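**Student:** This is the structure, below, for whatever I ask next.
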Amino acid sequence: MSFQGSGTTLNDQVLTGDNVPVIVDRCITHVEVHGLKEKGVYRTAGQSSRVQALLDEFRRDALSVSLNEYPVAEVADTLKRFLRELDDSVFERINYPAWISAAGCTELSRRLYSYEYYLKKMPSVHFNTLKRIILHLHQVAEHCGVNKMPITNLASCFAPSLMRTNKDKVHLTGEVYSQEIKIIIDLLENKDFFFH
Amino acid sequence: MQGEEALPKPQRIFKVVFVGDSGVGKSSFLHQFCNHEFRGNFAATIGVDFQVKTLETKTSVVTLQLWDTAGQERYRSMTKTYFRKADGVIVMYDINLEASFTNVRNWMTSVQEQVEPGTVTMLVGNKLDTAEEAGTKAVKTKNGQELAKSYEMLFYEVSAKTGANVDDAMEDLTRLLQEKEDKKMEEVLQLTEITTKKGCCGR
C-alpha cells in the first residue's frame, strides 16, 4: 500500500481534505504566514542542496516535516521544484498544446471560456492544486509594494513549474514561454471567474 | 605593407553568456554596462534576452554579444543551448545571499558540461552597495576569490546599482577573451606551418 504517497504524480501524494497534496498545502501555508512581505518571494532561489533535502523529507512523510527552521526562500523553492519534477505537470502534458493555443486568442473573453473548458476537464487533484496555488499567488501579489512580486513577475517565475510540454527535447522559443506566462496572468487576473 | 595605419582596426566578436540564480542582478548589471544607468524595475527575465556592446581597445574593435538568461530553473534547458559557442561565461551571485553563492557550484557544473575547454569564465558578486550599507557581507570577498581560483575564473565584486567595478570587470574579461583568441590563432598558424613543411619533405 502506498500509504505514504511517495509517488511522483499529484494523485500519489498524501492529500488534504480539500484534495490538495499535503506538501503543496504546507509550503503555501508557510509562505502565507512568514513570506508575504519577503522581497522576491518565489523568485529568489534557496540553496539547492537544502531544497533537495527538504523535498526528499516531504516525499518520505509529508505530514511529519517541520518547517519551523526553514527560510521562506527554501520552502518556496521546494514547492516550485516539487511541481516541476512531477511525472505529469499540474497543467497535464497531454493538454499543453490546447492551453497554448487558447492563450493565442486575442480576445479576452474567448480566452477565458477556453480556459474554463479545459479547467473543467482537469482531474480533481490537479484542479484543486491549481486553485490553491492561484489564490495564494494572488494574495502574494497584493503585497507587491513590499515584496516586489506583482502578478507578471509571479507568473514568470511560476509558469515553468506548472506547465510542461509533452516533448521535452523540443527547443521551446521565447514566444511559447510568453504564452505560458500569459495563461497564468489571465488566471490570476480573473481568479473569481474560474475559482468562485 | 603600406598604409598600415590607415587600415581599420580588426573587428572581433565575442559571445558572452550570463548565468546565476534568479534575482541576483544579471539584467541590471548588463543594463548598467550597456547604458550606464540602474533600472530598478525588478522584472524577472523570461527565457533569453541579448544586448550588443562595442568597445574600442588599443588594438581592435570588440563587439560583445551579451546573452542574458533567466535564472528560473526550468529555463535552464533553454540556457544550455546558449552556452554553445560561447567565448565567455559570467556566473553571478548576490553578495548578500549565501544561497546564491552556494548555488554557483551547480551553475558551474552546467557550464562545464556545455562549453568548450578554454572558454573564459568570470565569477561576479553583485550588490556590493547593499553589502557596504549593511556593513556586513554574507559572502566574504575571500570566499569569492577562493571559489573563483578553484575554477580558474576571473573574480570581481560589483554594484550594478552604482556601477562600481562594472566596467573594470568587463574590460578585464574582454582583455582575456582577446588574449585567448590571439593564442588560438597563433597555434593554428603554427600548425599550418608544420603541415606545409611536412608536405615539402614529401613524408
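The values are calculated or read from the model by the stated rules, or taken from the named source; none is laboratory data. Please read these numbers as outputs of a predicted model, since none were measured by experiment. Cβ: placed from backbone, ideal geometry, glycine included. Neighbour counts: every protein chain shown.
**Student:** Can you tell me which residue in region B:104-135 is farthest from residue B:156 (Cα to Cα), limited to those that are surrounded by 19 or more Cβ atoms within 10 Å (Cβ to Cβ) and in contact with a Ser or Thr (Cβ under 9 Å, 6 or more places away or on another chain)?
**Tutor:** Here the residue is B:115.
**Student:** Quick one: count up the residues across region A:35-68 that are within 13 Å of another protein chain (Cβ to nearest Cβ) and assigned to a loop (DSSP other than H, G, I, E, B).
**Tutor:** So the count comes out to 10.
**Student:** Would you tally the residues in region B:94-103 being more than 10 Å from chain A (Cβ to nearest Cβ) and surrounded by 22 or more Cβ atoms within 10 Å (Cβ to Cβ)?
**Tutor:** 1
**Student:** Consider residue B:106 carefully, then state whether it is within 14 Å of chain A (Cβ to nearest Cβ) and either assigned to a helix (DSSP H, G or I) or farther than 23 Å from residue B:55 by Cβ (or both).
**Tutor:** Here the answer is yes, as residue B:106 does meet what is asked.
**Student:** Name the residue, out of B:169, B:164, B:160, B:138, that is in contact (Cβ under 8 Å) with a residue 12 or more places away in the chain, assigned to a helix (DSSP H, G or I) and surrounded by 15 or more Cβ atoms within 10 Å (Cβ to Cβ).
**Tutor:** The match here is B:169.
**Student:** Given the conditions (1) farther than 22 Å from residue B:61 by Cβ; (2) modelled with pLDDT of 95 or more; (3) not hydrophobic (A, V, I, L, M, F, W, C), which single one is not true for residue B:192?
**Tutor:** Residue B:192 satisfies every listed condition except (2).
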